[in-house]
1. Work out the FRET efficiency for S19 and A76 from their Cβ-Cβ distance, taking R0 = 22 Å, and round it to the nearest 0.05.
2. Just to check I understand the Karplus step: with θ = phi - 60° and J = 6.51 cos²θ - 1.76 cosθ + 1.60, what whole-Hz values come out for the range 99-111, glycine and proline as x?
3. So what is the calculated 222 nm ellipticity per residue for the chain, using -39500 (n - 2.57) for each DSSP H run with n of 4 or more, over all residues, to the nearest 500 deg cm²/dmol?
4. Return one quarter of the surface area of the convex hull spanned by the alpha-carbon atoms of the range 21-103, equal to its mean projected area, in nm².
Amino acid sequence: MLFIINCSSNDDSQTVTPSAQIISTGSILKYGDVDVLCYSVSQSLQVKGTNLTGNISLSTSANFQLSLDDASFSNAVTINAASGNAGNTIIYVRFSPAQDAIGNTTGNLTL
């Protein structure tokens with residue numbers, strides 16, 4: 001549960017600008033065995049912004065890919081501020097191990 005409370009005084013000369021927030025929900029589970037140079041079935045999470053004045057940039061480490069439409073994947077995607085403020089944007093993540101990705105592989109998603 002998330003509560004956002006803005007308080008201000010009765011003095012109209014003060015303008016309070018709410019701070020921007022980025023909220024991500026969901027989790028990525030283990031992908032299991034995936035052959036090198038192939039890719040897994042995608043998993044999703046949701047990203048939402050409030051009071052954004054700039055875009056949300058997401059990137060992932062090697063061996064993982066991101067998508068906004070579950071069709072075109074890359075190592076980075078951008079959610080424009082208007083879409084981020086409008087509501088939840090679904091981000092698709094898939095495991096795409098390179099030739100040298102042998103054994104357990106971990107990665108990071110950066111917002």
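1. Computed FRET efficiency for S19 and A76 comes out at 0.35.
2. Taking θ as phi minus 60°, the curve returns 3, 8, 8, 9, x, 5, 10, 10, x, 10, 10, 10, 9 Hz for the range 99-111.
3. It comes out at -1000 deg cm²/dmol, rounded to the nearest 500.
4. On the way: hull surface 21.7 nm².
Mean shadow area of the hull around the Cα atoms is 5.4 nm².
We did not get these values from a lab; they are worked out from the coordinates using the rules stated. Quantities reported herein were computed from a predicted structural model and do not represent experimental measurements. A quick note on method: Cβ atoms are made from the backbone with ideal geometry, for glycine too, and the neighbour counts reach across all protein chains shown.
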